[in-house]
Amino acid sequence: MSKKVSTGFWGDAWRRLRRNNVAMVGLAILVLLVLAALFADYLAPYAYDAQDYDSVFQTSSAKHWLGTDNFGRDILSRIIHGSRVSLLVGFSSIITAIIVGGILGAVSGYYSGKVDNFIMRSMDILMAIPGMLLAISLAAALKPGLYNLVIAIAIAEVPAYARIVRSSVLSIKNQEFIEAAQCIGASDSRIIFRHILPNCMAPIIVQATLGMAGAILSAAALSFLGLGIQPPTPEWGSMLSNARQYIRDYPHMVMYPGLAIMITIFALNILGDGLRDALDPRLRN
């Protein structure tokens, strides 16, 4: 009778995730989107800003698979290049939110007292403002552009990660290995960054996957309102905004960017659900 070999927490989590067919579909879609973003210059049949006024408002054809827009630009090429912008904004804003929120949450949970009260009340104030409204306010106050869009979305996402990390720190900081590190004279920063934060990664990864879906949706919404990526750079939300006046006569201009957003959000959500189940320690066997 063969003995089951343990591969550790992350190995077991990957094994459980592979058995979740729905989550693997989401992962496959996300990998394809990342590859499309990385190799957009080679995959796109035309330049995203190439205009052909003899081919405006064309529907799907052998020359233009998804048709063209009001400037004769190839919609498929713009969607492929738009994936680069959308994924970059989503990934960058979430990484920024994790770094800032993670540090704030770790400091808050580790020191407690007045420090905890000040940081958490500040996070409560931010959370009292609807995330999209906060992002719109910040984007409107800043100059429209890629970097300011990332900052606006990241600030709106920080409180969620601060609270998650704080909760994890409170459950970890009194365990024996933390007390052992304190006894041998380890500094507070070493304990936080080397011992506490690595043990908080499971809930952070799950929240990051789901949060990236929200960040991409927020980026599309801000670009739709004219507060995000500016023309001629293609972004799915700005493509929807430019095409809305033609929705009755040329619905393909709206349909395909909308499908790109929907498929991306769907893939991230089902992958996030799968990661939540795979990283749940109660399911470890």
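When the range 56-91 is examined, which residues are found to be surrounded by fewer than 20 Cβ atoms within 10 Å (Cβ to Cβ) and under 15 Å from Ala215 (Cα atoms)?
Across the range 56-91, the qualifying residues are Leu88, Phe91.
Given the structure, is Pro232 assigned to a loop (DSSP other than H, G, I, E, B) and farther than 21 Å from Ala267 by Cβ?
yes
Mind listing whichever residues of the range 39-76 are out of contact with any Gly (no Cβ under 9 Å at 6 or more places or on another chain), of a type in the set (Asp, Glu) and assigned to a loop (DSSP other than H, G, I, E, B)?
Those that are out of contact with any Gly (no Cβ under 9 Å at 6 or more places or on another chain), of a type in the set (Asp, Glu) and assigned to a loop (DSSP other than H, G, I, E, B): Asp49, Asp69.
Among the listed residues Ser61, Ser55, Ser83, Ser77, identify the single one that is free of Cβ contacts under 8 Å to residues at least 12 places away in the same chain and either touching a helix residue (DSSP H, G or I) at 6+ places or on another chain (Cβ under 9 Å) or hydroxyl-bearing (Ser, Thr, Tyr) (or both).
Details: Ser55 fails: free of Cβ contacts under 8 Å to residues at least 12 places away in the same chain; Ser83 fails: free of Cβ contacts under 8 Å to residues at least 12 places away in the same chain; Ser77 fails: free of Cβ contacts under 8 Å to residues at least 12 places away in the same chain.
Selected residue: Ser61, the only one of Ser61, Ser55, Ser83, Ser77 that is free of Cβ contacts under 8 Å to residues at least 12 places away in the same chain and either touching a helix residue (DSSP H, G or I) at 6+ places or on another chain (Cβ under 9 Å) or hydroxyl-bearing (Ser, Thr, Tyr) (or both).
List pairs: first residue in the range 101-117 and surrounded by fewer than 15 Cβ atoms within 10 Å (Cβ to Cβ), second residue at pLDDT 85 or above and assigned to a helix (DSSP H, G or I) anywhere in the structure, Cβ distance under 7 angstrom, at least six positions apart or on different chains.
Val115/Val107; Val115/Ser108
What number of residues in the range 114-136 are in contact with a helix residue (DSSP H, G or I) (Cβ under 7 Å, 6 or more places away or on another chain) and farther than 16 Å from Ala154 by Cα?
Residues flagged as in contact with a helix residue (DSSP H, G or I) (Cβ under 7 Å, 6 or more places away or on another chain) and farther than 16 Å from Ala154 by Cα within the range 114-136 amount to 4.
State which residue is farthest from the chain's Cα centre (by Cα) when the search covers only the range 213-239 and only residues that are among the β-branched types (Val, Ile, Thr) and closer than 12 Å to Ser83 by Cα.
It comes out as Thr233.
Only one of these is part of a helix (DSSP H, G or I) and within 26 Å of Ile103 (Cα to Cα): Leu222, Leu217, Leu259, Leu240. Name it.
Leu217
Just to be sure, is Ile94 out of contact with any Asp or Glu (no Cβ under 9 Å at 6 or more places or on another chain), closer than 28 Å to Pro203 by Cα, modelled with pLDDT of 85 or more and not charged (D, E, K, R)? Before you say what the answer is, go through the steps one by one.
On the way: out of contact with any Asp or Glu (no Cβ under 9 Å at 6 or more places or on another chain): no; closer than 28 Å to Pro203 by Cα: yes; modelled with pLDDT of 85 or more: yes; not charged (D, E, K, R): yes.
Here the answer is no, as Ile94 does not meet what is asked.
Condition first: more than 19 Å from Leu33 (Cβ to Cβ) and hydrophobic (A, V, I, L, M, F, W, C). Now tell me which residues in the range 222-235 satisfy that.
Selection gives Leu222, Phe224, Leu225, Leu227.
Within the range 149-157, can one find any residue that is surrounded by 19 or more Cβ atoms within 10 Å (Cβ to Cβ) and either farther than 30 Å from Ala219 by Cα or among the polar types (S, T, N, Q) (or both)?
Looking for residues that are surrounded by 19 or more Cβ atoms within 10 Å (Cβ to Cβ) and either farther than 30 Å from Ala219 by Cα or among the polar types (S, T, N, Q) (or both), one finds none in the range 149-157, hence no.
When you go through (1) at pLDDT 90 or above; (2) more than 22 Å from Tyr246 (Cα to Cα); (3) among the hydrophobic types (A, V, I, L, M, F, W, C) one by one for Ile80, which number turns out not to apply?
(2)
Which of the numbered conditions does Tyr48 fail, given that it passes all the others? Conditions: (1) without any contact (Cβ under 8 Å) to a residue 40 or more places away in the chain; (2) touching a Pro at 6+ places or on another chain (Cβ under 8 Å).
Condition (1) is where Tyr48 drops out.
Can you find a residue in the range 113-128 that is more than 26 Å from Pro198 (Cβ to Cβ), out of contact with any Phe, Trp or Tyr (no Cβ under 7 Å at 6 or more places or on another chain) and outside any helix (DSSP H, G or I)?
No: the range 113-128 contains no residue that is more than 26 Å from Pro198 (Cβ to Cβ), out of contact with any Phe, Trp or Tyr (no Cβ under 7 Å at 6 or more places or on another chain) and outside any helix (DSSP H, G or I).
Of all residues in the range 168-190 being surrounded by fewer than 17 Cβ atoms within 10 Å (Cβ to Cβ) and touching a residue at least 60 places away in the same chain (Cβ under 8 Å), which is farthest from Ala208 (Cα to Cα)?
Asp188
The values are calculated or read from the model by the stated rules, or taken from the named source; none is laboratory data. Quick caveat: nothing in here was measured; it's all calculated off a predicted structure. Cβ atoms come from the backbone with ideal geometry, glycine included; neighbour counts cover every protein chain shown.
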